[in-house]
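These notes concern the structure reproduced below.
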């Protein structure tokens, strides 16, 4: 199910009224709009160019991507090719885990995303860390998109209060849809399904299929064994030159959004990164 064009009511901005038609996530407007209004207007994504054209007005200036605003502000794409962080795909468990810190930190991450006007793309369930994440984003005014395969609707108890629900035919379609709707990926603690989704995004990056940032939310040191394993793979020589992939690690939830914003707004690197924190993934 794709979002449809909607009428966007004027939103106060420094005493003036503005309506934005740019779903790219306008960094300039972010300085002037409160988090709830920003979350609402930036998550009204138009499904295709025809829908966008139907939403445009003759007196609104267009930015380079073709989106329009009823003001002199824009998404900044005339000046920069940077990608705005408007949605994060969060992989996490359908269980809350054995330590209460996992649930507490998942809730904190959700609230920080909602307050920052960043939408959540996730697996669509209502239980465990998945449900905690989704409800906390919505409680803070953020937009939630749940994507779930038909056969898991009952097992993971689909969250029917999400703003947008997409039911797919299988797991492959689900993962592709989650990828396409997200600007970055975060892995909270979870089980083998969470691990599989995380490693697949790292592998796609390794093979040059995307440049979106991937971050390990290392709550309570949960991902330390994986980091050690990747280091071990590198030390043992199961790496090919040119197939490295850099990923991010955040030990504190409050660092996740800033790290991803920095990663998505940085200009493309012109040479291979040499930071010590960049750990090559195995040559698959």
Working only within region 106-133, note down all residues that are touching a residue at least 60 places away in the same chain (Cβ under 8 Å) and closer than 22 Å to residue 151 by Cα. 121, 129
If a residue counts only when it is surrounded by fewer than 21 Cβ atoms within 10 Å (Cβ to Cβ), which strands (runs of 3 or more DSSP E) contained entirely in region 150-219 have at least 1 such residues? 164-168
Considering only residues that are in a helix (DSSP H, G or I) and surrounded by 13 or more Cβ atoms within 10 Å (Cβ to Cβ), which ones fall in region 230-244? 230, 233, 234
Mind counting the residues in region 181-211 that are in contact with a strand residue (DSSP E or B) (Cβ under 9 Å, 6 or more places away or on another chain) and more than 19 Å from residue 233 (Cα to Cα)? 13
Tell me, yes or no, whether region 104-117 has at least one residue that is farther than 25 Å from residue 258 by Cα and surrounded by 21 or more Cβ atoms within 10 Å (Cβ to Cβ). no
Single condition residue 214 does not satisfy, out of (1) touching a strand residue (DSSP E or B) at 6+ places or on another chain (Cβ under 9 Å); (2) under 20 Å from residue 136 (Cβ atoms): (2)
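Throughout, read-outs are computed from the coordinates displayed, never taken from laboratory work. Since we're looking at a predicted model, the values are computed, not measured. So basically every Cβ, Gly included, is an ideal-geometry build from the backbone, and we count neighbours across all protein chains shown.
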